[in-house]
Amino acid sequence: LNAGYDKAYTTQNGHRLRGFAELRGDYYRYTDANRGTQACNAGRELLDANQDGIFDTFDNCREVLPRQGLEEEFSTSRFLPTAGVEWSYPLAKLTDNATFIIEPRVQAIVSPNEDFSDDIFNEDSGFFQFDSITLFDVNKSPGLDQWEDGQRLNVGVSGTAIFGDKLTLSGTIGQQFRADISAAFGNEAGIGDTTSNYVGDLRINYGSNLSMNNRFLIDDDSGSLQRGESTVRARLGRFTTNLSYITDKDPTLANPNKRDEFLTTTATFKLTDRWTVGGTWREDLDQSDTIAQSLILRYRDDCTLISLNWRFDNQRGNDNEFDLNRSLTLNFDLIGF
């Protein structure tokens with residue numbers, strides 16, 4: 001059950017003020033809770049199949065399960081009130097050749113200091129990424145099971161420069177401050193300490209044919225880059241291409257200098273108004289290995305989308321427990337309704 005209030009007001013001088021509140025109640029009932037999650041059991045099933053090099057992960061999972069995985073069946077409920085205020089002040093300067101906009105933004109939020117992770121299975125919020133997109137989310141969890149707790153302050157500033165009708169430069173940088181440490185999102189997310197890591201982005205657009213987007217996560221203590229994502233998109237006539245580079249440093253790894261790096265290239269060519277051919281190539285730069293390839297032939301009209309897709313996956317995971325996968329799929333989609 002959820003009830004919310006949200007009201008914004010802009011003063012005559014341009015200050016934008018916002019107040020918001022939420023009252024939420026959750027009720028969970030679990031059965032077979034002592035069996036853990038699908039991810040926990042995957043390791044045990046592989047071990048039962050007598051595959052060499054596979055270790056049993058269930059006992060490790062049990063330690064972090066709700067009720068430590070000892071109760072087979074239980075119910076739990078929680079009450080989640082949240083309230084906050086927000087201030088922003090967009091400022092603009094117009095010249096003969098350009099427009100400049102800068103906007104500082106501060107958001108203060110109050111919630112109880114409990115995330116209820118000891119009683120709730122996190123099944124719909126397993127992937128979380130703290131970045132400039134989620135910085136000002138009141139509850140940064142992507143689903144319902146995970147919940148952001150505590151008293152916190154989200155602070156950031158964004159800026160935009162527009163030159164004529166072609167070139168636009170924009171960027172954001174920000175940080176979160178907390179009254180108390182929170183473990184809601186784990187140690188590797190870059191958020192949860194009294195001061196979070198810095199998040200930001202830099203975007204460049206030149207008309208509708210060229211765009212670049214860079215997002216980053218910077219350690220607030222050392223200033224080192226923890227995660228970076230760069231994407232370039234270009235279009236020339238019927239040809240469109242995307243180039244994406246991701247580098248991610250996990251502070252929980254035994255080797256703190258190890259970094260995951262991936263490069264993905266996608267290209268499509270519009271044969272006619274209805275037929276398109278394209279492909280994707282993904283490379284693991286850390287392992288110097290190709291991990292995914294795909295080719296696609298697509299037909300689209302006002303009512304139908306038909307895709308013939310060949311895909312090769314080479315993501316073996318820990319100890320090579322997954323086989324290479326090649327697939328050929330034919331999809332029919334009805335659209336336009």
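The values are calculated or read from the model by the stated rules, or taken from the named source; none is laboratory data. Please read all numbers here as calculations on a predicted model, not as lab measurements. Positions of Cβ are generated from backbone atoms using ideal geometry, with glycine treated the same way; all protein chains shown enter the neighbour counts. Remember, those area values only see protein heavy atoms, side chains included, never the ligands or the DNA or RNA. Shrake-Rupley method; radii C 1.70, N 1.55, O 1.52, S 1.80 Å.
In summary, the lysines within cross-link reach of LYS249, defined as a Cα separation below 24 angstrom excluding same-chain residues under 8 places away, comprise LYS140, LYS258.
Mean residue ellipticity at 222 nm from the helices of the chain, using -39,500 (n - 2.57) per DSSP H segment of n ≥ 4 over the full residue count, to the nearest 500 deg cm²/dmol? Please report the intermediate quantities before stating the final value.
Values: 2 runs with 16 residues, N = 337.
Mean residue ellipticity, 222 nm, calculated: -1500 deg cm²/dmol.
For the range 89-103, the Karplus equation 6.51 cos²θ - 1.76 cosθ + 1.60, evaluated at θ = phi - 60°, returns couplings of 9, x, 10, 10, 10, 10, 10, 5, 10, 7, 10, 10, 10, 9, 9 Hz by residue, with Gly and Pro reported as x. Applying a 4.7 Å Cβ-Cβ cutoff to the chain, the cysteines left without a disulfide-compatible partner are CYS303. Within the straight-line cut-off of under 26 Å between alpha carbons, the lysines reachable from LYS270 are LYS166, sequence neighbours fewer than 8 places apart in one chain being disregarded.
Comparing ASN113, ASN325, ASN139 in a Gaussian network model of the chain (Cα springs below 10 Å), the most mobile by mean-square fluctuation is ASN325.
Percent of accessible area on the chain owned by carbon and sulfur, 1.4 Å probe?
Details: 10870 of 20490 Å².
Heavy-atom surface of the chain belonging to carbon and sulfur, 1.4 Å probe: 53 percent.
Placing unit charges on the Cβ atoms of the charged side chains and taking the dipole of the chain about its Cα centre, the candidate lying farthest along the positive direction among PHE269, ALA179, GLY69 is PHE269. Comparing ASP180, ASP301, ASP286 in a Gaussian network model of the chain, where Cα atoms under 10 Å apart are tied by springs, the biggest mean-square fluctuation is seen for ASP301.
Gyration tensor analysis over the Cα atoms of the chain returns equivalent ellipsoid semi-axes of 35, 34, 21 Å (largest first, whole Å).
For the chain, what is the accessible area per residue in Å² when the probe is 1.4 Å?
Values: 20490 Å² over 337 residues.
Value for the chain: 61 Å² per residue.
The GluC sites (Glu not before Pro) of the range 68-176 that meet both conditions, a loop assignment by DSSP and at most 11 other Cβ atoms within 10 Å of the site Cβ, are GLU73.
Rounded to two decimals, the Cα-based Rg/Rh of the range 116-213, with Kirkwood Rh, is 1.10.
How big is the dipole moment of the range 58-197 about its Cα centre under a simple scheme where the beta carbon of each Lys and Arg is +1, that of each Asp and Glu is -1, and everything else is neutral? Debye, nearest 20, please. Display every interim value, and only then the final one.
Working: 9 positive and 23 negative charges, 187 e Å.
Here the size comes out at about 900 debye.
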